[in-house]
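J.: My structure is below; once you've seen it, I'll send some questions.
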Amino acid sequence: MPELPEVEVTRRGIAPKLVGKSITAVAVREARLRWRIPSSVSELPGRSVRAVRRRGKYLLLDCGDGHLIVHLGMSGSLRFVPPGTAPGKHDHFDIEIGGSVLRLRDPRRFGAVLWTEAPAEAHPLIRHLGIEPLSRALSAARLHALSRSSAVQIKSFLMDGRRIVGVGNIYASESLFLAGIDPRKRAGRLSAEHCALLSKSIKRTLRTAIRAGGSSLRDFVGSDGTEGYFQRRAWVYDRAGETCRRCGAAIRKIVQGQRATYFCAGCQK
Ligand SMILES: [Zn+2]
């Protein structure tokens with residue numbers, strides 16, 4: 001499933017080929033994604049893309065008088081293909097722009113392509129999203145303030161997108177290892193020092209993943225985050241029973257909120 005780093009890698013990959021360019025055509029081959037692709041996308045040709053932003057795992061193509069909101073869902077990816085390239089079975093949506101075609105492939109059809117003429121931040125899918133972990137909004141003080149009244153275990157707290165967006169299962173486990181915090185600790189019990197360590201660890205983990213994704217970027221963008229470079233170098237994620245790279249203890253696996261958590265009881269207190 002594409003996570004925040006893959007979506008950010010996708011954004012960086014597609015933005016240079018979209019910004020300042022005019023949309024010349026749109027093709028909808030299958031409108032039934034997570035939500036139906038609105039027929040209003042047929043009005044996109046003639047509009048220019050001013051910016052490509054990301055909010056959580058949503059890509060926002062700013063067209064001045066509206067935004068195209070794209071979500072990759074469980075299995076979506078975007079790639080550029082030359083005009084006239086025959087679509088595959090799962091290639092549901094195209095935007096022809098700047099002499100190239102940006103094509104959405106989404107085998108499981110949990111992705112989304114939506115158009116809004118209101119400010120993107122006001123859209124029902126966007127407006128309740130938590131703070132961006134890579135922005136300055138996620139500071140030690142903010143994390144401390146957010147967590148004060150929470151009795152939830154910190155691992156589950158981090159994965160709740162209403163507070164902080166985009167800290168998926170891999171990144172929550174890895175960040176807690178780097179910060180030396182037991183994933184079962186109650187969020188409200190974290191000290192100011194813990195929050196400083198954790199906010200830095202979240203940013204470092206996500207940036208490492210973005211760099212790893214970026215290094216494999218060619219014409220294809222939006223890879224599967226559970227595979228590849230980043231996971232092979234994980235400190236704890238998916239390493240149950242293996243030895244901790246720091247202290248040599250066995251990595252443990254537990255279940256929290258129906259998700260697997262990996263941690264080192266030696267390093268994480
Ligand atoms: Zn350890």
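J.: Would you mind calculating the gained length between ARG142 and ASP182 on full extension (0.36 nm times residue separation, minus the Cα-Cα distance), in nm to one decimal?
T.: Numbers: separation 40, 0.36 × 40 = 14.40 nm, distance 2.01 nm.
Taking 0.36 nm per residue and subtracting the Cα distance, the gain is 12.4 nm.
J.: With a 10 Å cut-off between alpha carbons and a GNM built on the chain, which of CYS195, CYS247, CYS63 moves the most?
T.: Highest fluctuation of the listed residues: CYS247.
J.: Further, regarding this structure: Between ALA51 and residues 5 or more places away or on another chain, which pairs have amide H atoms under 5 Å apart, with H built 1.01 Å from N, and which residues are they?
T.: Residues meeting the amide H criterion: ASP62.
J.: HN-Hα J couplings of segment 192-202 from phi, Karplus 6.51/-1.76/1.60, θ = phi - 60°, integer Hz, Gly and Pro as x?
T.: Result, rounded to whole Hz: 4, 5, 4, 5, 5, 5, 5, 4, 5, 5, 4.
J.: Can you list the equivalent-ellipsoid semi-axes of the chain, largest first and in whole Å, using the square root of 5 times each Cα gyration tensor eigenvalue?
T.: On the way: eigenvalues 269, 80, 45 Å².
Its equivalent ellipsoid spans semi-axes of 37, 20, 15 Å.
J.: Please compute, for the alpha-carbon atoms of segment 1-93, the extent along each of the three principal axes and give them in descending order in Å.
T.: In descending order, the Cα extents are 32, 29, 26 Å.
J.: Rank VAL28, VAL101, VAL165 by mean-square fluctuation in a GNM of the chain with C-alpha springs under 10 angstrom and give only the top-ranked residue.
T.: Comparing VAL28, VAL101, VAL165 in a Gaussian network model of the chain, the most mobile one is VAL28.
J.: Per DSSP helix of 4 or more residues, -39500 (n - 2.57); summed, then divided by the residues of the chain. What does that give at 222 nm, rounded to the nearest 500?
T.: Details: 6 runs with 67 residues, N = 269.
Taken over the chain, the calculation gives -7500 deg cm²/dmol.
J.: Using DSSP to define loop residues, name the trypsin sites (Lys or Arg not before Pro) in segment 82-168 whose beta-carbon has at most 13 other beta-carbon atoms within 10 Å.
T.: Values: sites: LYS89, ARG103, ARG105, ARG108, ARG109, ARG127, ARG136, ARG142, ARG148, LYS155, ARG162, ARG163; in loops: LYS89, ARG108, ARG109, ARG127, ARG136, ARG148, ARG162, ARG163.
Loop-located and lightly packed - LYS89, ARG108, ARG127, ARG136, ARG148, ARG162.
J.: I've got another one for you. How big is the shadow of the Cα convex hull of segment 110-165, averaged over all directions, in nm²? Walk me through the numbers before you get to the answer.
T.: Working: hull surface 21.1 nm².
In nm², the orientation-averaged hull projection of segment 110-165 is 5.3.
Just so you know, all these numbers are worked out from the coordinates, no wet-lab data involved. Only a predicted model underlies this, so the values are computations on that prediction, with no experimental measurement involved. Cβ coordinates were reconstructed from backbone atoms using ideal geometry, including for glycine residues, and neighbour counts include every protein chain displayed.
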